[in-house]
1. Magnitude of the Cβ-charge dipole of the chain, K/R +1 and D/E -1, about the Cα centre, nearest 20 debye?
2. Neighbouring Cβ atoms within 10 Å as the yardstick, rank D134, D93 fewest first.
3. With the contact rule set at Cα under 8 Å and sequence spacing of 6 or more, what percent relative contact order holds for the range 8-193?
4. Where the centre of each part is set by its Cα atoms, how far does the range 197-264 sit from the range 309-367, in angstrom?
5. Give the Kirkwood hydrodynamic radius (Å, one decimal) of the chain, defined as one over the mean of 1/r across all pairs of different Cα atoms.
6. Okay, helix-only estimate at 222 nm for the chain: each DSSP H run of n ≥ 4 adds -39500 (n - 2.57), divide by all residues, round to 500 deg cm²/dmol; what do you get?
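Every number in this text was worked out from the coordinates using simple rules, so none of it is lab data. The structure presented is a predicted model; accordingly, all values stated were derived computationally and were not measured. As a convention, Cβ positions derive from the backbone with ideal geometry for all residues, glycine included, and neighbour counts pool all protein chains shown.
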Amino acid sequence: MSTSSADSNSAARLAFVGLAFVFLTTMLGTTLPTPLYPVYQQQFGFSQFMITVIFAAYGVGVVGALIVTGRWSDQLGRRPLLFGGLMAAALSDILFLSSQGLSWLLAGRVLSGISAGIFTGTATVAVIELAPKDMKPLATFAATAANMGGLGLGPVVAGLLGQYGIWPLHLSYLVHLGLVGLALVAVWRARETVTRSAHPHLTLQRLSVPGEVRTVFLPAAIASFAGFSVLGFFTATAPAFMSEVLGYSNLALIGAVAGTAFFASILGQRFQNRLEESLRLPWGCVLVILGVGLIGTAIAIVSLGIFLAGAVVAGLGQGIALRAGLGAITAASPAEQRGEVTSTFFVVSYVALSVPVMGIGLVARFAGLSATGIGFAGFVALLAVAALVLLLKHRAKASAQPASQSSSSQSSCREP
């Protein structure tokens, strides 16, 4: 290999790793508040329901950004959208740093959601496009790992800094602002992978599911909804369950437990290809059911160990179900509608981050946290069971159809 070729390959690897770092940094910022919610609750006198409303504002930002900007990077280029997402992340940090109450926190969460919504679509594609040839097989996983890894690291970093550092409600955002500065440099140095349109036509991302895809889409979307509901639980309400039900108030421990579900999701996505393809989504559903069963049991008998085990098992199931479900609907979708179908899938998934946890906050006001947590576990288990039943019914029908067609063909051959 010539010196110029080696230098070119090194530069390509550096750009690839740099953009993965940018993706991880942005997603890390979106979960920084997780272990700090009990502190905000004490400082501003918020109810648990108000904490879930603050968290849910993030989902509004994500879904809005997915729908509004979903197609923009194809017209404007990847880098302008990435710069926009980073600026939204930086503004979110500034709002949290200077927070004076509810409206500041809500605005900060919406901006954080906007940054995540932009990056979910744009950065995933950009990381894959920038991967050198020898790293192409790992490109999709690298993008996924940066996404989920960032989400998992956020609570860990904020928990450690909040518990053992100075300025518990400020230091993590200052650190993140510094990381955003490095990320801006990385995006500036990355090459553009899209030829910008001379006359950009910016439209909303359509959401649709063609009729021929619905039998595949429905169980995959329900399974993903169940899995993302668990992730929403750990990023929004797990701190309350840890402190008020299980009796642990250490912010570093709360952050570590919350992050565990996301790290387990990465493992589930990484190793799901070791399962036979037809078993991936069913196994994802089964593990989500087992995981939330452990979570509900832990809340009932007050056990941190079982609670943590539930986070691991449910996270593994979520990762397997997400990647298997997305692969199934992508394969089943017509090429010209693939973007619409996958966007619809992600909108359903991100709605699951917000709506169920708001339900937890509302119901807990009347039923108490323990009963509400157990009920939530049962609700998610029922969703995963429904997805599993629909999936098995679809496969049974699909396998019976060729036999029926064959029998009909033989019968017609016997007719005079």
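1. Once rounded to the nearest 20, the dipole reads 400 debye.
2. Going from sparsest to densest Cβ surroundings: D134, D93.
3. So the answer I get is 42 percent.
4. Using only Cα atoms, the two centres lie 6 Å from each other.
5. It works out to 22.1 Å.
6. After summing the helix terms and dividing by the residues of the chain, the value is -28000 deg cm²/dmol.
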